[in-house]
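Report on one structure; see the data block that follows.
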Amino acid sequence: MADHIFTGSGVAIITPMNSDGSVNYDVFGQLLEFHVENGTDSIIACGTTGEAATLSEKEHCEVLEFAAKKINGRIPVIAGTGSNDTSTAVMLSKEAQKSGVDAILSVTPYYNKTSQTGLVKHFNVIADAVDIPVVLYNVPSRTGCNIQPKTCQELSKHPNIKAIKEASGNISQVALIRSLCGDNLDIYSGNDDQTVPFMSLGALGVISVFANICPAEMHKICQLCLDNNFAEAQKLHFHYLELMNIMFSDVNPIPIKTAMNLYGFNVGECKLPLVPMSVAGYHDLKDCLAKYDLLDKI
């Protein structure tokens, strides 16, 4: 497969909210420009970190359209369009394509889950419905459903299924996917702290939470890996590991939204059922940001 959707650091971008729970498009526009200016290689909108689960269908489509228009082809925009209802996933994917995004990210069905045969059917139906690349999203800790490597191999035969965001945390599984699929299925790490080891196995980059607050740094780590300079990439990885990990000290995206507010962007709070961090957790996060000189930067 000659063409890649992106290489390097793709940000799983947060969705800023006003106090009434509506999307704050002024701040969202600022965030998008922040990423273009600081080396982010792709925008992934309306994913887990973007609180897609608590956006209405109208809001979901509006966020994607806004991102596509604001970025205007400068870097790829990937739209989260997953659902545990195949027909809804198809509808969202078609709407995303109309909005001008470059690819879609489709998570495995959750709650109702399905078999491996069901996964093949589900994703093939979605891929048949659009003319843009499809990125599979495997995150069994959230969905209770794991795309097995041989299923990835079968799905990679579809001409529109181009990549997988692998957030299983299982490096052995990633190695097997790479072995079975080769260049027919690009791999992106779905976990910041596994970016360097995944890229050593042939992954092309990461879809990152950490990049929300450190876009240039995540881009640099990925670029070093792409340049086969894993020694320097490892040094940066270890330097930022504490910061990467504290972004998961509470349910994502609670810590990263809290961090972005402390950084200086007025991104608001998460929608219910997500609630603010505990007082102790908040102070631990603030202390960590201070250590990395990331307070009040705007």
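Regarding region 55-77, can at least one residue be identified that is on the phi > 0 side of the Ramachandran plot, in a loop (DSSP other than H, G, I, E, B) and within 18 Å of the chain's Cα centre (by Cα)? Within region 55-77, none of the residues are on the phi > 0 side of the Ramachandran plot, in a loop (DSSP other than H, G, I, E, B) and within 18 Å of the chain's Cα centre (by Cα). Of all residues in region 121-149, those satisfying the criterion of being surrounded by fewer than 23 Cβ atoms within 10 Å (Cβ to Cβ), out of contact with any Phe, Trp or Tyr (no Cβ under 7 Å at 6 or more places or on another chain) and polar (S, T, N, Q) are Asn124, Ser141, Asn146, Gln148. Pairing each residue of region 207-228 that is surrounded by 20 or more Cβ atoms within 10 Å (Cβ to Cβ) and of a type in the set (Gly, Ala, Ser) with any residue that is at pLDDT 95 or above and assigned to a helix (DSSP H, G or I), provided the two are 6+ apart or on different chains, yields C-beta distances under 7 Å for Ser208/Asp192; Ser208/Met218; Ala211/Met218.
The test for being modelled with pLDDT of 95 or more, buried (at least 22 other Cβ atoms within 10 Å of the Cβ), of a type in the set (A, V, I, L, M) and not in a helix (DSSP H, G or I) does not hold for Ile177. Going by the conditions given, is Ile147 touching a Lys or Arg at 6+ places or on another chain (Cβ under 8 Å) and modelled with pLDDT of 95 or more? Against the criterion (touching a Lys or Arg at 6+ places or on another chain (Cβ under 8 Å) and modelled with pLDDT of 95 or more), Ile147 does not qualify.
In this structure, Phe66 does satisfy being at pLDDT 95 or above, closer than 20 Å to Ala103 by Cα, surrounded by fewer than 19 Cβ atoms within 10 Å (Cβ to Cβ) and hydrophobic (A, V, I, L, M, F, W, C).
Assess whether Glu154 counts as being closer than 30 Å to Gln30 by Cα, out of contact with any Leu (no Cβ under 7 Å at 6 or more places or on another chain) and part of a helix (DSSP H, G or I).
Working: closer than 30 Å to Gln30 by Cα: no; out of contact with any Leu (no Cβ under 7 Å at 6 or more places or on another chain): yes; part of a helix (DSSP H, G or I): yes.
Taking the combined requirement at face value, the residue does not satisfy it.
The values are calculated or read from the model by the stated rules, or taken from the named source; none is laboratory data. Quantities reported herein were computed from a predicted structural model and do not represent experimental measurements. Reconstructed Cβ throughout: ideal geometry from the backbone, glycine too, with neighbour counts over all protein chains shown.
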